[in-house]
């Protein structure tokens, strides 16, 4: 079971990392459009539409990745003090009541929007001769499906935590800096940091 959970974590991670390259593409595109508009005096009418679709694609396809890393914003003023089992129960209830219905609705409605867009060969009408929209709308059901798969994994994690009393392991990726590990790597102790602080304070007082 744990291997299956980690496998889906890896799929979500790979998808998130793959689509993160849109940040680079979007940066270059915005820079080129600004240069083209103000230096070459040759703006492109379709640029705004394409930038919006690239950003929307990045935002939606990062959902499953962020969930796999437990990185979504959480109001955890009290949550962080709860024992793991209580945290798991709260998460499980919220996943069932809100997450699953919401994501299923996203995938279902997104499929309808995408199918209709492909059927009518939809293009943007914000600008003349706007770019096609149907590839972008296809992202809606795809992002919903990946997010739903990762959500089911999180539900299983909640159930495992309720049974075992601790959260199961997640896949590794880019993590925030672990201060304790960093101090171990550079052989720095809390006493050394305190002495440096006292020394800096003493020099400041001498000045």
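A compact table of results
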{"item": "Matching helices (runs of 4 or more DSSP H) fully within the range 1-83 where at least 2 residues are surrounded by fewer than 11 Cβ atoms within 10 Å (Cβ to Cβ) and more than 12 Å from the chain's Cα centre (by Cα)", "result": "2-19, 21-38"}
{"item": "Options 90, 106, 140, 147: the member that is without any contact (Cβ under 8 Å) to a residue 40 or more places away in the chain and either closer than 23 Å to residue 69 by Cβ or outside the structural domain of residue 15 (by TED's automatic domain parsing) (or both)", "result": "90"}
{"item": "Qualifying position, being in a loop (DSSP other than H, G, I, E, B), farther than 25 Å from residue 7 by Cβ and touching a helix residue (DSSP H, G or I) at 6+ places or on another chain (Cβ under 8 Å), among 121, 125", "result": "121"}
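The values are calculated or read from the model by the stated rules, or taken from the named source; none is laboratory data. From a predicted model like this one, the values you see are computed outputs, not experimental measurements. Glycine gets a Cβ as well: all are built from the backbone with ideal geometry, and neighbour counts include every protein chain shown.
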